[in-house]
Structure formats: structure tokens, C-alpha cells
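The values are calculated or read from the model by the stated rules, or taken from the named source; none is laboratory data. On a predicted model such as this, the values are computed, not experimentally measured, just so you know. Because the Cβ atoms are built from the backbone with ideal geometry, glycine has one as well, and the counts that use them run over all protein chains shown.
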DNA sequence: TTAAAGTTTCAATAATTATTGAAACTTTAT
DNA sequence: ATAAAGTTTCAATAATTATTGAAACTTTAA
């Protein structure tokens, strides 16, 4: 396969994967484009490469910065802004884990905590089932939280080394 | 908090979490409803509890069965079909992991494999960056795949025991 | 059979989410 | 000052995704 075709295929696949995981397709595609680009790109270049509008490009780039996945770069003597992505896949994973933990897991833990204070009749099967399910989910979520916490601090080799060794 | 309010809050939170992770909100809500219900429910009861149409309920229940998260139950002497959810949170996690691995991770691994056969000029930075990114992502995806594979075979206590012990 | 009970399908519609494009705004150089 | 280059905003629109509801279908029992 030629590089040009491969790039398109990569961008398409990354966009599809993103959308299956609740990430806007365009955002995933812009990230993919920057991931495989050795140079920082301008808004114009991104618009052109993905056939998207200026407004869309601007908002998407802002979101990606908000996720900590890309950065602005200023080139000396240039007026335009350039964007580039961290190419370290482990950093990317940690960044995504960190954001989703903050945006999604933590709010859920908060709700589960509130729900565990529910009051009712201990003899009522509906009450017992509710409490059991909430409590089990809470335990699982706390384990996931702790594991992510560790991942955020870990080096890639150490992390996978430990995890895969345990599972051999 | 009262049980009735807590149930609603749980269903709402589960629906929201689902939609943030690429799972249809209604599907997550129906699953939540069955998770906290000690008895199997009929389509009618589910429609009523969540204010959804018969068509929606039927399709959603079919999808949930397809994900292996709920089952049909036939009650002796009854014409209606009843639905109930496995309440074991570890089984649920494994089932979701199994399905997403099959539906999403495996197709991505296939594409990454194809993309690693890309041909081009080894001196070209664009080519080198592309190959490096694809190769790094491929390695990560393979590690995730192996870890999920282990999880699918594991017992909950063993799994979290091992993972959390490593990270202490 | 046939009619009642229950289930499934799917075209039409609604709701949600993403995108455009042009105007407003900001920055820089002259 | 002002004009050119670049960026941001957001109301309007498009595209996508979810939902309805009624008709078609299936199953069961009299």
C-alpha cells in the first residue's frame, strides 16, 4: 500500500473508532492527521486535508487542546498558528484516561455514593436488589479508579510489564 | 433518599454513562432497569417504566440480548415473554469487554496490520512518522488485546487481586 | 378456523449532534 | 489610523441517530 492511501485509511479508521467510543469523528480524524504528520500543521492545511470548514476546524482544535492531545506552536516570524500532536502513544493513553476519569468516572462515583445512602425496607426484594447492584458497581468502579490512578503515574514499560507478567 | 427516587437516578446516570461511551441511552437505561429489578419484566412493564414505545423496547431488548447482557425467560402457563439481566457485575464487565473487543478492537488490529505493510521512501519524514505511529499504536493495541483476553478467562477476585497488588 | 394475545418490522418523524459560513473580533505591520 | 492576515463565534442548516406507531406477522387456545 502507498503512503497516501495508507494515511487516508488510518484517518478513516481512527475516526470510526473514535465515534464508537463517544468521541466526535472529526476530532478523532484531526488527531489522526496530526499524529502521522512530522510537522506541525496550520488550520488551513487541516481544513484542506480533511475537507472541513474553518469553523469546524477551529472548534475541533480547541477541543483537542482541551483534551491535552495537541498543542499550539508559534513559528518565529510567522503569523499563523501551527498545531502538533504528542506522538507518544503512552502519553496519549494516559491523557485520555485522565480526562475520561475526571469527566465520567468521577461523576458516576459521586452518584453511586449518593445512591448507597438509599433508605427502605430490608425485607423488600426490590430494595435488596437495588442496594446489592449499586454496591457491586461501586466496588468495581473503585477498582477501575485505583487502577487508572496507578496508570497515570506509571511508565509504559513498567505498566505493561507488570500487567502482562501477572497474566502469563 | 427513597428507593423510587434512587431508582430513577440510577437509571438516568447509567443512561448518561452509556451515551458517553457510545452505547445508546435507552439501551443503557433498559439494562439499568433490569439490573435493579429482582424479577424478570415484560415488554409492557419496561415500556411503562421508561416511557418508551413498543417498537423501541423490542429493538432495544433484542440488542441487549445480542450483547449477552439480558435473557428471555418463559414463565410456565404464561404467554408473555419476560426479560432479566445477569446481576453479576464481573460477568457484565467481561461480556462488554468481549463484545467490544470483537466488534471494535479486532477490526482495528486488522487495519493496523494492513497499514504496517505500507511502502515508501525510508528517508521521507512523513513516511517514517507514519510507520512509527502505526507501529506504536499496534503495540499498544496488542497489549490491550492480551490483557482483555486474560480478563475474559479470569475470576474477579483473582483479577483485581493481581492488578491491585502489583500497583500497591 | 379464527380470534385474541403477543411480537416484530420499518417507513415516517423527531431529537440530537455536527458542520457550515459569514460576520465580528483580534493581532500585527506599516 | 488602517488594512491585511488570521482567529473565533454562533445562528442556521445538514447529517446522523433514535423513536414512534401502526400494520404485518406469529403463536396459542378454544
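Against the condition surrounded by 13 or more Cβ atoms within 10 Å (Cβ to Cβ) and either touching a helix residue (DSSP H, G or I) at 6+ places or on another chain (Cβ under 7 Å) or more than 19 Å from residue A:36 (Cα to Cα) (or both), how does residue A:77 come out, does it pass?
No.
Among the residues making up region A:2-12, those that are outside any strand (DSSP E or B) and at the interface with chain B (Cβ under 10 Å from one of its Cβ atoms) are A:3, A:4, A:5, A:6, A:7, A:9, A:10, A:12.
Checked against the criterion of being within 9 Å of DNA strand C (Cβ to nearest atom), within 12 Å of chain B (Cβ to nearest Cβ) and at positive phi, the candidates A:22, A:15 yield just one match: A:22.
Mind checking whether some residue in region B:69-88 is more than 11 Å from every other protein chain (Cβ to nearest Cβ), over 14 Å from the mean Cα position of the chain (by Cα) and in a helix (DSSP H, G or I)? No, the conditions are met nowhere in region B:69-88. Considered as a group, the residues in region A:31-57 that are in a helix (DSSP H, G or I) and either within 11 Å of another protein chain (Cβ to nearest Cβ) or in contact with a strand residue (DSSP E or B) (Cβ under 8 Å, 6 or more places away or on another chain) (or both) include one that is surrounded by the fewest Cβ atoms within 10 Å (Cβ to Cβ), and that residue is A:43. Among the residues of this structure, residue A:118 counts as one that is in contact (Cβ under 8 Å) with a residue 12 or more places away in the chain and facing chain B (nearest Cβ under 8 Å).
The rows are residues; the columns are (1) away from DNA strand D (no atom under 13 Å from the Cβ); (2) in contact with a helix residue (DSSP H, G or I) (Cβ under 6 Å, 6 or more places away or on another chain).
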{"residue": "B:11", "(1), (2)": "no, yes"}
{"residue": "B:23", "(1), (2)": "no, no"}
{"residue": "B:36", "(1), (2)": "yes, yes"}
{"residue": "B:43", "(1), (2)": "no, yes"}
{"residue": "B:46", "(1), (2)": "no, yes"}
{"residue": "B:51", "(1), (2)": "no, no"}
{"residue": "B:57", "(1), (2)": "no, yes"}
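Of the residues screened, residue A:14 is one that is under 30 Å from residue B:25 (Cα atoms) and modelled with pLDDT of 95 or more.
Quick grid of which residues meet (1) over 12 Å from the mean Cα position of the chain (by Cα); (2) in contact (Cβ under 8 Å) with a residue 24 or more places away in the chain:
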| residue | (1), (2) |
| --- | --- |
| B:16 | yes, no |
| B:27 | no, yes |
| B:34 | yes, yes |
| B:40 | yes, yes |
| B:47 | yes, no |
| B:52 | yes, yes |
| B:57 | yes, yes |
| B:62 | yes, no |
| B:67 | no, yes |
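Checking each residue in region B:115-168 for being surrounded by fewer than 16 Cβ atoms within 10 Å (Cβ to Cβ) and in a loop (DSSP other than H, G, I, E, B) picks out B:116, B:117, B:121, B:122, B:123, B:124, B:155, B:168.
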